[in-house]
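Input: a single structure, listed below in structure tokens.
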Amino acid sequence: MGTPNTEEVHLRHVEKDVLIPKLMREKAKERCADKVQAFSHCCKETGLLMAFKCQEENSALKECLTLHYKDPAFFEECKKQYIQEKLEFERTGIPAKNRKQKLPTSM
């Protein structure tokens, strides 16, 4: 029995509409890191006036994130990553976030 490729895996509604978009948001924030940092810095500097003083940074951040959210190729990239992580979890029983941790060298 071979390993199914990412094209053969059936995805549930919650995976397509919730889990993959969640992964997209996380990855988009990484790709827009400079804009996230600029907006965060502006908010810290201005405090309660951030709604008025950080409009430019907020607009740039929203534009960057929206660009990724609407990109079908980005969705497919995230879908493929999600499926690979799902298949690896089914194979090992170890969630992706725990797999990234280093194992102790001695027991």
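Bear in mind that the values in this text are calculations on the coordinates, not laboratory data. Keep in mind the model is a prediction, meaning the values are calculated, not measured. Note that each Cβ is placed from the backbone with ideal geometry, even for glycine, and that neighbours are counted across all protein chains shown.
Key figures for this structure:
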{"read-out": "Cross-link pairs 16/70; 29/80; 27/53; 22/53; 29/70; 29/62 - those with Cα-Cα distance over 21 Å", "value": "27/53; 22/53"}
{"read-out": "Low-density loop positions, trypsin sites (Lys or Arg not before Pro), the stretch 20-71 - DSSP coil, at most 11 other Cβ in 10 Å", "value": "70"}
{"read-out": "Expected-Rg normalisation [2.2 N^0.38 Å, Cα atoms] applied to the stretch 13-89", "value": "1.33"}
{"read-out": "For the stretch 26-32, Karplus couplings with θ = phi - 60° (6.51, -1.76, 1.60), whole Hz, Gly/Pro x", "value": "4, 5, 5, 4, 5, 6, 9"}
{"read-out": "Straight-distance crosslink candidates among aspartates and glutamates, where the alpha carbon sits under 15 Å from residue 79 and sequence neighbours closer than 8 are dropped", "value": "7, 8, 15, 17, 26, 71, 88"}
{"read-out": "Sorted by Cβ neighbour density within 10 Å, fewest at the top, the residues 13, 41", "value": "13, 41"}
